[in-house]
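Here the structure comes first, spelled out in C-alpha cells, and everything after it is commentary.
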Ligand code: EPU
C-alpha cells in the first residue's frame, strides 16, 4: 500500500499554483449528460475522484477523450441508466449522475453512494429523492438499489429543509430539462453552483438566482454544449494558506480566487496571520505568533467544513484555547484523536465540538488517513512535527489533491511517496 513519509520541522517557501476545483468538476461531468453534444472541460484536476467520475460516464455509454488540460465528453450514445455499484461506492458525487440520467433516459438505477465517511452511517440522499419525486419521478427501492423513472420530469417547488450543496446542484441541473418552472428554496450558495448555472445558461438553459437562496429554472426541451473552464479550488487554496500559517512560512498561492476565501481571511486577520491579496493570488507572510480563535463551520460564505480539519491543526500551534464547532458533519472531528497522538492537547466535548489548547509541539507518528480533508491535515501536522510521520491509506488524499508530493516538495517540504 502507498504511503507518505514526512520529515517535519522545516520552513517552506515559494509559490504553489491551485488546480481546478474538485467539487466543480464533479458536477460538470454529470452535467455533460444533459446534452447530446460534446462538452470540452478545461482546468480539470488530475485526481482520483475525477478518474472515477469519468469511468462512470464511460460505463453509461459516454465517450471520454483526455487532453493535457482536461477532457472532451460525448454522451450522444448514452445507453445505460444503471450506475455500477463498484464505482458508485467510491464516490458520493455519483449521486450527481442520477438527475441527468432521469432527464435524458427517463430512468435511473443506483445503489446508495459511497465517499468520505464523515457523517453518521451512510450520508443521506433523502433530499435528492424528495426533489426528484416532486418533479414527478416514481421512486422505489429494491435489493439495495434505488429505481427512479419519469417519462418527462415536471417543474416543481421544492424547499430544502437542510441546505445541501450537491442537492441544490442536482435539482438545479435536472430541472433544466423538466417541463415548466421549478423554484428551489433555501439553496446552497457555493461559488461552484453559480459557475455551473452560468455555463448551463450559455448553452440554452434558463436559470436565475444561482448564488442566492432561491433559484428559478424554466425548463427547456434541450441544451447545447460548449467549453467549461473549471474555477480554482477554493478549498485547496485555503488548505495551502493554512499550511503556510501553520509552518510559519511565507508562501504565495497563485491561480486562485481569494474572493472565495473571505471567511478564512477574516479569521486570519484575528489570529495574527498576515497576508496580501491580489485578484488571483494570495501571499501568506511568515507568522510569528498565532492567537487562538474559535470557529463554527457554516455553509458558504461561512467557514467551510472542508477547511475545519486543517484549521484545527493550525490551532494546535496557536496561543490559547479555541473551540472548533463542526456543525455540518458528525464524524469530521474524529481525526483529532490522531492529532492528540502526535502531542496536541485536544478535548472532545461531543461529536460536533472540540477544545484545542495551544501551542503544543507535535511529534512524528505512524497514521492512517481517515478521509480526504483529515488526510491532508495530517500531512500539515506531519510538516509541523519534529521527526518522521508516516501516513498510509493515501488514496484518500489522492482523491482530492493532485501531485501533492511534487507540489509540496517544490515548497521545500520533505515529503516522499513510498509505493
Ligand atoms: N444532507 C441530508 N440529506 C441529503 C443530503 C444532505 O440530510 O439528501 C445533509 C448532510 O448529511 C449534511 C448536510 O446535509 O449534514 C450538508 O451536506 P451537503 O449535501 O451540503 O454535502 P454534499 O453536497 O454531500 C458537498 C461537498 C463536500 C462538502 C459539503 C459541504 C461535493 C462533491 N461535496 O457535499 O465536500 O463538505 O458539500 O460544503 O461537492 C470534500 O470535498 O471533502 C467534501 C466532503
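The values are calculated or read from the model by the stated rules, or taken from the named source; none is laboratory data. What you see is a predicted model, and the numbers here were worked out from it, not measured in a lab. Neighbour counts are summed over all protein chains in view; Cβ atoms, including those assigned to glycine, are modelled from backbone coordinates with ideal geometry.
If we scan the stretch 34-44, do we find a residue that is in a loop (DSSP other than H, G, I, E, B), on the phi > 0 side of the Ramachandran plot, away from the ligand (no atom under 16 Å from the Cβ) and not assigned by TED's automatic domain parsing to the domain that holds residue 82?
No: zero hits.
Among the residues of the stretch 249-267, which ones are crowded, with 21+ Cβ neighbours inside 10 Å and closer than 16 Å to residue 294 by Cα?
Scanning the stretch 249-267 gives a single hit, 264.
Enumerate the strands (runs of 3 or more DSSP E) found wholly within the stretch 280-366, keeping only those where 2 or more residues are crowded, with 19+ Cβ neighbours inside 10 Å and in contact with a strand residue (DSSP E or B) (Cβ under 6 Å, 6 or more places away or on another chain).
So the answer is 281-284, 320-325, 353-358.
Looking at (1) in contact with a helix residue (DSSP H, G or I) (Cβ under 7 Å, 6 or more places away or on another chain); (2) part of a loop (DSSP other than H, G, I, E, B); (3) within 16 Å of the ligand (Cβ to nearest atom), can you tell me which one residue 78 breaks?
Exception for residue 78: condition (3).
Per-residue answers, yes or no, for (1) surrounded by fewer than 17 Cβ atoms within 10 Å (Cβ to Cβ); (2) within 16 Å of the ligand (Cβ to nearest atom):
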residue: 124; (1), (2): yes, yes
residue: 142; (1), (2): yes, no
residue: 152; (1), (2): yes, no
residue: 155; (1), (2): no, no
residue: 161; (1), (2): yes, yes
residue: 165; (1), (2): no, yes
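How many of the residues making up the stretch 138-179 are under 28 Å from the mean Cα position of the chain (by Cα), within 21 Å of residue 89 (Cα to Cα) and part of a loop (DSSP other than H, G, I, E, B)?
2
Scan the stretch 372-394 and give yes if some residue there is assigned by TED's automatic domain parsing to the domain that holds residue 335, more than 27 Å from residue 292 (Cβ to Cβ) and either within 16 Å of the ligand (Cβ to nearest atom) or part of a helix (DSSP H, G or I) (or both), otherwise no.
Yes - at least one qualifying residue is present in the stretch 372-394.
Filter the stretch 303-332 down to residues that are within 16 Å of the ligand (Cβ to nearest atom) and closer than 24 Å to residue 260 by Cβ, then give me how many there are.
Residues that pass the stated criteria total 18.
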